[in-house]
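In what follows, a structure is listed as structure tokens, so that the remarks can point back to it.
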Amino acid sequence: MLLLVDLDGVVYRGTEPIPGIADLLTRRSAAGDDVVYVTNNSMWYRADYVDRLRSMGAPVSADRVVSSPRATALYLREIDPGLERVLALGGPGLGRELADVGFQVVMAGAAAELVVRDGMDRFEASGRPGAVVVGLDPELSWERLAVAATSIRAGARFIATNRDPIYPTERGLMPGSGAVVAAVEAASGVTPVSIGKPAPLLLVEAARVAGVDPRDAVMIGDGILTDLQAARAVGARCVLMLTGVSSRADVEALQGPNAPDAIAADAAELEAALARLSAG
Ligand SMILES: [Mg+2]
């Protein structure tokens, strides 16, 4: 069985592992399940997750981490094999993921300096990007926004890693990728293709990595509006965990076709749910 496993709120919460989950995933993997981690977070590179998940004892390799930047890179490669130059407005992980699949990546920060110094002509003369990819950019500035929007107006595809408006941190709720995407959308007048959950493409790319039809996968997540919606969008089953953002009351209020296939409050309940789903 292919398990598409969300990270924050399922495997860990912030820096704290959720008890028993890494061990359970190790047992499922040893018994033949394929475990692929899926996350909307657009900031980090796959190796960052591999180190973190290994330190928690979870089964992982770099090709089994499909973050929204990784899925975006795989998606762009697939739909536009001739695409060479991509402008990235986002964190360090986004540029690395795009470069890994062979794109020539221009970070909006570097391009923005050219705009300020020499005007847009200079930037465009150095090669127009065929696509603009936008995620969470913690150093967002008016100049970066201008470079992204101008490139889109000049005809580049506009792809968003995800549209989560809010990013939860230890310091509280901070602006997420969706806030940056909304600014570029407003400035360019173009609505992007969005890869992350609740849209289906993140799970489609994750299932493709495993060579499995997404309809045969089980999504394990904690978000009703993200994980459950995305699972429904690709026809996958879904176990909703109560270890993250959703409360039991929220989840039990979902009735009929809107309800998840199972609810799990902890690793033991998840184990029982997966045993049931693999038998059925
Ligand atoms: Mg989550």
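The values are calculated or read from the model by the stated rules, or taken from the named source; none is laboratory data. Small disclaimer: the values here were computed from a predicted structure and weren't measured. Cβ sites come from the backbone with ideal geometry, for glycine too, and all protein chains shown count toward neighbours.
Here are the numbers for the structure shown:
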read-out: Test result for Arg96, surrounded by 17 or more Cβ atoms within 10 Å (Cβ to Cβ), within 16 Å of the ligand (Cβ to nearest atom) and among the basic types (Lys, Arg); value: no
read-out: Gly82 on the phi > 0 side of the Ramachandran plot and not β-branched (Val, Ile, Thr); value: no
read-out: Per-region count, the stretch 170-205, residues of a type outside the set (Gly, Ala, Ser) and either in contact with a helix residue (DSSP H, G or I) (Cβ under 8 Å, 6 or more places away or on another chain) or under 15 Å from Arg64 (Cβ atoms) (or both); value: 14
read-out: Any hit, the stretch 141-151, residues being over 21 Å from Asp80 (Cβ atoms), touching a helix residue (DSSP H, G or I) at 6+ places or on another chain (Cβ under 6 Å) and buried (at least 19 other Cβ atoms within 10 Å of the Cβ); value: yes
read-out: Pick from the stretch 10-33, criterion in a loop (DSSP other than H, G, I, E, B) and more than 16 Å from the ligand (Cβ to nearest atom), ranking: nearest to Ala207 (Cα to Cα); value: Asp33
read-out: Residue tally, condition assigned to a helix (DSSP H, G or I) and within 11 Å of the ligand (Cβ to nearest atom), over the stretch 231-248; value: 0
read-out: Flag if Glu185 is outside any strand (DSSP E or B), under 11 Å from the mean Cα position of the chain (by Cα) and more than 12 Å from the ligand (Cβ to nearest atom); value: no
read-out: Pairs where the first residue, in the stretch 206-229, is more than 17 Å from Ser68 (Cα to Cα) and the second is assigned to a loop (DSSP other than H, G, I, E, B) and away from the ligand (no atom under 16 Å from the Cβ), C-beta under 8 Å, 6+ apart; value: Arg215/Gly235; Asp216/Met1; Ala217/Met1; Val218/Met1; Val218/Asp261; Ile224/Leu254
read-out: Members of the stretch 142-182 found to be assigned to a loop (DSSP other than H, G, I, E, B) and of a type in the set (A, V, I, L, M, F, W, C), listed by number; value: Ala154, Ala156
read-out: Any hit, the stretch 163-182, residues being farther than 19 Å from Ala233 by Cβ, touching a residue at least 24 places away in the same chain (Cβ under 8 Å), crowded, with 18+ Cβ neighbours inside 10 Å and charged (D, E, K, R); value: no
read-out: Conditions (1) surrounded by 19 or more Cβ atoms within 10 Å (Cβ to Cβ); (2) away from the ligand (no atom under 15 Å from the Cβ): number failed by Leu7; value: (2)
read-out: Residue in the stretch 46-58 that is touching a residue at least 60 places away in the same chain (Cβ under 8 Å) and under 13 Å from Leu3 (Cβ atoms) present; value: no
read-out: Some residue of the stretch 42-64 being of a type in the set (Asp, Glu), in contact with a Gly (Cβ under 8 Å, 6 or more places away or on another chain), outside the structural domain of Val101 (by TED's automatic domain parsing) and within 25 Å of Met107 (Cβ to Cβ); value: yes
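For (1) within 21 Å of Asp34 (Cα to Cα); (2) among the small types (Gly, Ala, Ser); (3) not in a helix (DSSP H, G or I), each residue gets a yes or a no:
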{"residue": "Val218", "(1), (2), (3)": "yes, no, yes"}
{"residue": "Thr226", "(1), (2), (3)": "no, no, no"}
{"residue": "Gln229", "(1), (2), (3)": "no, no, no"}
{"residue": "Asp250", "(1), (2), (3)": "no, no, no"}
{"residue": "Ala272", "(1), (2), (3)": "yes, yes, no"}
